[in-house]
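What follows is a short report on a single structure.
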Amino acid sequence: MSKKKNQVRGLIALGTAAASATSAFSGVRTARENGDKLTMVNAAASAVVAVTGALLAVRTLRKGGKK
């Protein structure tokens, strides 16, 4: 695949991770307001997934899509 396509994919992945992080932190806030432990665990797990996705996207952008 071309370098430009990999950069576009990396940027899309980064945007998706940012949106996921926003949603996860909103879930944390809601869970704290309601005192719901299960929702808090779910939101924390979602935040971890969002951070991991962002790190993978950054790595893809830095390497230029090379594996």
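The values are calculated or read from the model by the stated rules, or taken from the named source; none is laboratory data. Fair warning: this is a prediction, and the values are worked out from it, not measured in the lab. Note that each Cβ is placed from the backbone with ideal geometry, even for glycine, and that neighbours are counted across all protein chains shown. Note: areas computed on protein heavy atoms with side chains; ligands, DNA, RNA excluded. Shrake-Rupley method; radii C 1.70, N 1.55, O 1.52, S 1.80 Å.
A few notes on this one:
- Solvent-accessible area, 1.4 Å probe, carbon plus sulfur percent, for the chain: 61 percent
- Relative compactness, the chain, computed as alpha-carbon Rg over 2.2 N^0.38 Å: 1.37
- Given R0 = 35 Å, the distance between the Cβ atoms of residue 38 and residue 12 translates into a calculated FRET efficiency of 0.65.
- Farthest positive-ward along the chain dipole, Cα basis, beta-carbon charges - from 26, 7, 55: 7
- With Cα atoms, 0 to 90° folded angle of helix 3-34 axis to the chain main axis: 10 degrees
- Surface exposure of the chain, expressed per residue as accessible area with a 1.4 Å probe, stands at 77 Å².
- Once the Cα atoms are used to define both axes, helix 37-63 deviates from the longest principal axis of the chain by about 10 degrees.
- Relative contact order for the chain: 49 percent, from Cα pairs under 8 Å spaced at least 6 residues apart, divided by residue count.
- Computed lengthening from residue 3 to residue 23, 0.36 nm per intervening residue step minus Cα-Cα distance: 4.2 nm
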